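Beneath this line is the structure, given in C-alpha cells, with notes to follow.
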There are 2 protein chains.
Amino acid sequence: MELNLNRADFLANHWQKKPLLLRNGFANFADLIEPELLAGLAMEEAVDARIIRQVNNGWDVEHGPFEDYERFGDVDWTLLVQAVNEWFPEVQELLSAFRFLPDWRVDDVMVSFATENGGVGPHLDQYDVFIIQGGGRRHWRVGERASNLVEVCPHPDLKQLENGQFEAVIDAILEPGDVLYIPAGCPHNGIALEPSINYSVGFRAPNSAEWLAQIADQLLASELSFPRYQDPELTTESPSYQVRADEVAQVRELLITQLHTAIGADAITRVMSQSKRPLAAAENTLSTNELLSYASTDMLIGRTPGARILRSPTGELYSNGEILPQLNESATTALLELRSEQPLAHLDQILGDRQACECLVELIQQGVLYLVQEVADEDDS
Amino acid sequence: MELNLNRADFLANHWQKKPLLLRNGFANFADLIEPELLAGLAMEEAVDARIIRQVNNGWDVEHGPFEDYERFGDVDWTLLVQAVNEWFPEVQELLSAFRFLPDWRVDDVMVSFATENGGVGPHLDQYDVFIIQGGGRRHWRVGERASNLVEVCPHPDLKQLENGQFEAVIDAILEPGDVLYIPAGCPHNGIALEPSINYSVGFRAPNSAEWLAQIADQLLASELSFPRYQDPELTTESPSYQVRADEVAQVRELLITQLHTAIGADAITRVMSQSKRPLAAAENTLSTNELLSYASTDMLIGRTPGARILRSPTGELYSNGEILPQLNESATTALLELRSEQPLAHLDQILGDRQACECLVELIQQGVLYLVQEVADEDDS
Ligand SMILES: O=C(O)CCC(=O)C(=O)O
Ligand SMILES: O=C(O)CCC(=O)C(=O)O
Ligand SMILES: [Co+2]
Ligand SMILES: [Co+2]
C-alpha cells in the first residue's frame, strides 16, 4: 500500500504543525476489515473497545467486550476498537505506508465503525493521527491549534470541546481512500453520513511525566549503581526544616547529569523500543539448532504487530526494552527490516551467522518475532 | 540531648567528606532502650530486624520477626533493628541532637545489640551515619573513601568488603557516649568486646534513579497536563527504524525543561517531604470544632516519628508528599517546630487561626500529627 504524498513537503510543512486533507491518499482503497469482523473483535475480553453515542441530547460511552449491538439501533453511534493492527495482518499492513515517520512513534491503528450520524463529537487528541476513510462517507471538520479551546466532559469517559465550536481549515466529505492528517492538539469532528469505517493511524508522544516514569523503571531494572544526592555546602544558618534552593538545585543537577550520560541515552532508547503492551513470550523454548533445522522447511517468520526493533544513534540494536548483542552489518539490517511474514529460509544474512541466529532465537522467545507454519490452501485439506 | 560538636567546623570539614570520632559526644550517655525491649520489638511482624552472625568461618543472615534468641548462643551475633525511633519516643528524641542537618535527609535510627565478638563485618554504606555507643564497648575501625574497595556477598543478604582489608584513619574502642561519624562510602567495621548497644542515625541520599521514579510518581499523581515530546525537524533520509541522536536529545531537553519549572521544584520538594514508610491515616474523623474543644482539656499533640514537615525555598509548607495551604508566619513556624508531645492548649498561634486549625486537623487525619490523652501517673489507677 502506498500513500500518495510528497513526503519532504509534508515533513517540512505539516507534520506536528498543520492539518492536511489528502484526496485519494490511497488510490482504489478497499476496506481492510469488514464491519462484522470488527464487531466480532470487540466481543473479545482482551480487546479495548468503546461505543460512543448520542442519547437524548447527551453522550454515552460504553466499554467492551460487547455481547450484541441490536440495542444501539441504526443511527447515532460509533464503535471504536484500539490496536486492530495487532489482530488483523491486513490492518497492520497499513502501517507500511507510514515508514517515512519514526517507527517508535507509531502507537496503533484504531478502527471505527459509525452508523448514520455517528461521531465522537468535536475534540482534541494528544496524538498525531492520520485518519483514512474506508467504506462509506463522513463529514470531517478540522481546525488549527488554538489557545481558546476548552475541554469539557459530557461523560466521565469522554472529552469534548466546550460549545463544540472551532474554526475549520478543513471542511470536507471524505470518500474511500481520502486521508486526513491531524496534528496533536488540533480540534476535529467527524460525522458519518452513512454506515462507514475510519482507520486512525496514531502516533504517540509521551509527556514529560510519562518519560520520567519509564526511564526510571529502566534504570531501576538495570541494577546498576547510580550517583547519589550530595548536599551543597551546609551552614548552621537555616533551621533543619528549611529546604534550601540549592538543595533542590542539587537534586536537579544530579538528574540532568544522569540524563546526559550514555546510561541515560540507553534508558531513553530502551523506552522507545518498548511495545505499547507487553509482548507475550513464546510458549515453547527453541534452540539455535532447532531454528536452523526449520530453515529447510516452509516455516514463515514475522514480527509481532506492535513489537519494535530499532537502531540507536550509536548503531546498537534495541527491542522490547532491551539492547541486543552487536551483530554484523548485514544481519543487523536484515533484522531491522524483518516485518511482515516471509519464509525463514530467505534470511541468509542471519542464518549464516551463529550469533545472529542466537539473537533471532532470543527475539522469538521474547515474542518480538514469531515462527508460523505456512497455511495450506483450503482445497489442500 | 545535646551533641558536643563544633557544628560549623563539622559541616565544613567532615560532613559527607571525612570520618570523625567524637569522644564523649553525648556526656553521661545512658541507654535509650534496654536489650530486652529491643529483642521484644524484633519479635513484631511489622518491624524490620535482622540477625547477622559468624558461623563456621562464614556469615549468616536471618530476618525477623524472631521467636527466641537462645539458639544463637552467647557470642558472635548482632541483632539489628531498623527505625526503632518510630516505636520508642526516647530513641526518637536522639534525633533532636542532629537538627543542624536538614530534616529531610534523616532516614531512621537503627539500633543494634551485639554479643561478644558480634559484628556485621567490614563494609560500606550508601548512607551517612552517626554511630552512638550505648552500653558496652565495641572496637571500631573506619577508613576514608577509596577507589580500590571491592564489595562481595558472603551471604545473599550481606555485602562486605573483599579481603576485609582497609586502611583505618580511626581505630578505637568506643565507650558509652562516644560518637562516630562515617560518611557514605567510607569502609568501617565494628566488633563488640562485650554485649553492647549501638545507635545508628542514618541519613538517606537517594540515587538518581530513585529520585526520577519518585518525582515521576508525584507528577503523575498530580494529574496536571505536561508538555509532550515533539520531533526535531524530520527528513526523509533515515530509515524509520533509526533513532536519531536529536530525537534522544529532544526527550532529554523535554525532561530538563520540566525539572527547571516550578512544577519540577514542587515535585522534588514533595518527595523530600515524604516519610520513609507511608503514614497510617487517623482512624477517626475529626472536625475543627472538636479540635478546638480539646484545647481546654489536657490533650497532648505530637508529630508521628518519621513524618516530615518542611518549608520550601519559596516559603510553602510541605508534608507527607503534599503542599499545605499558606498560613500566617507564626502559625507556620509553630507547625514546623511541633515535634515532641506537648499540650495542645499551648499551640496559641495555631488555635487562634481558623485556617491553621483546619490545616492541623488535616495533618492529624493524615497521620502526620497525633492527639493523645496525657497518661495518668501509675498510682492514679
Ligand atoms: O473514528 C472516529 O470517529 C474518531 C477518530 C478520531 O477522532 C481520531 O482518530 O482522532
Ligand atoms: O551496629 C552495627 O553493628 C553496624 C552499624 C553500621 O555499620 C552502620 O550503622 O552503618
Ligand atoms: Co480524534
Ligand atoms: Co555500616
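The values are calculated or read from the model by the stated rules, or taken from the named source; none is laboratory data. This is a predicted model, so every value here is computed, not measured. Here Cβ is always computed from backbone atoms with ideal geometry, including for glycine, and neighbour counts include all displayed protein chains. When the accessible area is computed, the model is the full protein with side chains, heavy atoms only, and any ligands, DNA or RNA have been set aside. Shrake-Rupley method; radii C 1.70, N 1.55, O 1.52, S 1.80 Å.
The table below gives the values:
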| quantity | calculated |
| --- | --- |
| Qualifying positions in the stretch B:32-54 - over 11 Å from B:Tyr69 (Cβ atoms) and open to solvent by 50 Å² or more (accessible area, probe 1.4 Å) | B:Glu34, B:Leu37, B:Glu44, B:Glu45, B:Ala46, B:Asp48, B:Arg50, B:Gln54 |
| Single unsatisfied condition, B:Val375 versus (1) farther than 26 Å from B:Leu101 by Cα; (2) at pLDDT 95 or above; (3) open to solvent by 70 Å² or more (accessible area, probe 1.4 Å) | (2) |
| Counted residues, the stretch A:215-262 - those being facing chain B (nearest Cβ under 8 Å) and of a type in the set (Asp, Glu) | 4 |
| Enumeration of residues in the stretch A:158-197 that are in a loop (DSSP other than H, G, I, E, B) and either away from ligand 3 (no atom under 14 Å from the Cβ) or without any contact (Cβ under 8 Å) to a residue 40 or more places away in the chain (or both) | A:Gln165, A:Glu167, A:Glu175, A:Pro176, A:Gly177, A:Asp178, A:Leu193, A:Glu194, A:Pro195 |
| Residue under evaluation B:Asn189, criteria (1) away from ligand 4 (no atom under 14 Å from the Cβ); (2) open to solvent by 10 Å² or more (accessible area, probe 1.4 Å); (3) out of contact with any Ser or Thr (no Cβ under 9 Å at 6 or more places or on another chain), criterion not met | (1) |
| Which listed residue is open to solvent by 30 Å² or more (accessible area, probe 1.4 Å), of a type in the set (D, E, K, R), within 27 Å of the chain's Cα centre (by Cα) and not assigned by TED's automatic domain parsing to the domain that holds A:Ala49, from A:Asp266, A:Asp157 | A:Asp266 |
| Subset of the stretch B:74-133 that is farther than 22 Å from B:Leu158 by Cα, more than 14 Å from chain A (Cβ to nearest Cβ) and open to solvent by 10 Å² or more (accessible area, probe 1.4 Å) - its residue that is farthest from ligand 3 (Cβ to nearest atom) | B:Glu90 |
| Qualifying position, being assigned by TED's automatic domain parsing to the domain that holds B:His188, part of a helix (DSSP H, G or I), of a type in the set (A, V, I, L, M, F, W, C) and within 28 Å of A:Gln230 (Cβ to Cβ), among B:Leu94, B:Leu80 | B:Leu94 |
| The stretch A:1-22 residues that are away from every other protein chain (no Cβ under 11 Å), paired with ones that are open to solvent by 70 Å² or more (accessible area, probe 1.4 Å) and among the hydrophobic types (A, V, I, L, M, F, W, C) (beta carbon under 8 Å, 6 or more apart) | A:Lys18/A:Val169; A:Pro19/A:Val169 |
| Filter result for A:Leu254 (under 30 Å from the mean Cα position of the chain (by Cα) and at pLDDT 95 or above) | no |
| Condition met for B:Phe66 (more than 14 Å from ligand 4 (Cβ to nearest atom), open to solvent by less than 40 Å² (accessible area, probe 1.4 Å) and either in contact with a strand residue (DSSP E or B) (Cβ under 9 Å, 6 or more places away or on another chain) or acidic (Asp, Glu) (or both)) | yes |
| Wholly enclosed helices (runs of 4 or more DSSP H) of the stretch B:267-381 bearing at least 1 residues closer than 24 Å to B:Ala46 by Cβ | B:354-366 |
| Selection from the stretch A:200-214 of residues that are among the hydroxyl-bearing types (Ser, Thr, Tyr) and either in a helix (DSSP H, G or I) or facing another protein chain (nearest Cβ under 7 Å) (or both) | A:Ser208 |
| Which numbered condition A:Val169 misses (of (1) under 24 Å from the mean Cα position of the chain (by Cα); (2) among the β-branched types (Val, Ile, Thr); (3) surrounded by fewer than 16 Cβ atoms within 10 Å (Cβ to Cβ)) | (1) |
| Members of the stretch A:134-146 found to be open to solvent by 10 Å² or more (accessible area, probe 1.4 Å) and either of a type in the set (Gly, Ala, Ser) or touching a Lys or Arg at 6+ places or on another chain (Cβ under 8 Å) (or both), listed by number | A:Gly135, A:Gly136, A:Glu144, A:Ala146 |
| Every residue from the stretch A:33-47 that is under 19 Å from A:Gly135 (Cβ atoms) and in contact with a Gly (Cβ under 7 Å, 6 or more places away or on another chain) | A:Ala42 |
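A quick yes/no check of all residues on (1) within 30 Å of B:Val201 (Cα to Cα); (2) in contact with a helix residue (DSSP H, G or I) (Cβ under 8 Å, 6 or more places away or on another chain); (3) loosely packed, with under 14 Cβ neighbours inside 10 Å; (4) assigned by TED's automatic domain parsing to the domain that holds B:Gln92:
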residue: B:Ala307; (1), (2), (3), (4): yes, no, no, no
residue: B:Pro313; (1), (2), (3), (4): yes, yes, no, no
residue: B:Leu317; (1), (2), (3), (4): yes, yes, no, no
residue: B:Gly321; (1), (2), (3), (4): yes, yes, no, no
residue: B:Pro325; (1), (2), (3), (4): no, yes, yes, no
residue: B:Ala334; (1), (2), (3), (4): yes, yes, no, no
residue: B:Glu341; (1), (2), (3), (4): yes, yes, no, no
residue: B:Arg354; (1), (2), (3), (4): no, yes, yes, no
residue: B:Ile364; (1), (2), (3), (4): yes, yes, no, no
